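Structure first, then comments.
The values are calculated or read from the model by the stated rules, or taken from the named source; none is laboratory data. Not measured: the values here are computed from a predicted model. Quick reminder, even Gly has a Cβ in these numbers, built from the backbone with ideal geometry, and neighbours come from all protein chains shown.
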Amino acid sequence: MSGGRTIHVTVNGTRFEREVEPRRLLADFLREDLGLTGTHVGCEHGVCGACTVLLDGDSARSCLTLAVQADGAEVETVEGLGTMDSLHPLQRAFREHHALQCGFCTPGMLMTALDLLRKHPSPSEAEIRDGLSGNLCRCTGYEHIVRAVRAAAAAQATAAQATAATSEREAGGAAARRHGPAAAAGGDGDAGGEPA
């Protein structure tokens with residue numbers, strides 16, 4: 001490729017080195033060069049949000065971003081969210097709350113919602129609506145999408161609480177193994193008897 005530039009980019013945890021034309025869009029690079037067709041191209045003007053990916057943790061329109069701008073960056077696409085056997089909480093919530101119809105906007109909605117929930121784990125309905133306002137859906141009327149994001153936020157909060165409780169129990173068990181039963185019970189290690 002004459003005039004190409006070599007870029008190094010990590011996509012969904014996998015590092016790639018590719019030569020690209022300086023004018024190649026990130027959306028085309030992902031879809032055509034890497035075969036990640038979950039990123040959809042709609043308006044090609046950055047208006048619809050169908051092409052949204054995460055670029056170094058922030059949502060970005062891949063139809064407005066050049067592939068060379070992603071050199072050295074980490075990109076997350078909808079393919080990196082989950083698998084058919086292990087859906088991400090957002091994917092599960094979209095399915096359970098009927099938050100998609102034709103599905104064209106769904107990858108961009110999911111990635112935008114992922115960015116929103118990472119930055120605001122417990123968003124209000126108004127924050128969800130505002131966070132998704134840059135993504136267009138011509139089928140659903142948005143109500144089911146908002147419900148799905150709220151459900152995913154609740155599921156993530158419940159999972160975080162369960163993880164914290166498990167960690168707390170494990171920490172108590174580790175203390176008991178290190179210091180004996182009195183330490184685990186909150187004692188000072190004195191069993192109440194006379195020293196031997």
- Go through the residues of the range 41-50 one by one and say whether even a single one is under 21 Å from MET109 (Cα atoms) and touching a strand residue (DSSP E or B) at 6+ places or on another chain (Cβ under 6 Å). yes
Apart from one, (1) assigned to a loop (DSSP other than H, G, I, E, B); (2) modelled with pLDDT of 95 or more; (3) of a type in the set (D, E, K, R) all hold for GLU44; the odd one out is (2)
Of the residues in the range 97-124, those that are out of contact with any helix residue (DSSP H, G or I) (no Cβ under 7 Å at 6 or more places or on another chain) and not hydroxyl-bearing (Ser, Thr, Tyr) come to GLN101, CYS102, GLY103, PHE104, CYS105, GLY108, ASP115, ARG118, LYS119
I'd like to know if the range 110-117 contains one or more residues that are in contact with a Pro (Cβ under 9 Å, 6 or more places away or on another chain), closer than 23 Å to ALA159 by Cα, modelled with pLDDT of 95 or more and outside any loop (DSSP other than H, G, I, E, B). yes
Reported set for the range 1-42 where residues are exposed (fewer than 14 other Cβ atoms within 10 Å of the Cβ), farther than 16 Å from GLY72 by Cα and of a type in the set (D, E, K, R) is ARG23, GLU32
Could you tell me whether the range 53-67 includes any residue that is assigned to a helix (DSSP H, G or I), closer than 22 Å to LEU117 by Cβ and at pLDDT 95 or above?
no
When restricted to LEU114, LEU110, LEU66, the only residue more than 17 Å from the chain's Cα centre (by Cα), closer than 28 Å to THR14 by Cβ and of a type outside the set (S, T, N, Q) is LEU66
Handout entry: Flag if THR77 is out of contact with any Lys or Arg (no Cβ under 7 Å at 6 or more places or on another chain), of a type in the set (Ser, Thr, Tyr) and within 26 Å of ARG150 (Cβ to Cβ)
Key = yes
All conditions in (1) of a type in the set (Asp, Glu); (2) more than 17 Å from LEU36 (Cα to Cα); (3) out of contact with any Ser or Thr (no Cβ under 6 Å at 6 or more places or on another chain) are true of ASP115 except (3)
Filtering the range 96-113 down to residues that are among the aliphatic types (A, V, I, L, M) and surrounded by fewer than 24 Cβ atoms within 10 Å (Cβ to Cβ) yields LEU100
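Quick grid of which residues meet (1) in contact (Cβ under 8 Å) with a residue 12 or more places away in the chain; (2) out of contact with any Gly (no Cβ under 8 Å at 6 or more places or on another chain); (3) charged (D, E, K, R):
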| position | (1), (2), (3) |
| --- | --- |
| ALA50 | yes, no, no |
| VAL53 | yes, yes, no |
| ASP56 | yes, yes, yes |
| SER59 | yes, yes, no |
| PHE104 | yes, no, no |
| MET109 | yes, no, no |
| ALA113 | yes, no, no |
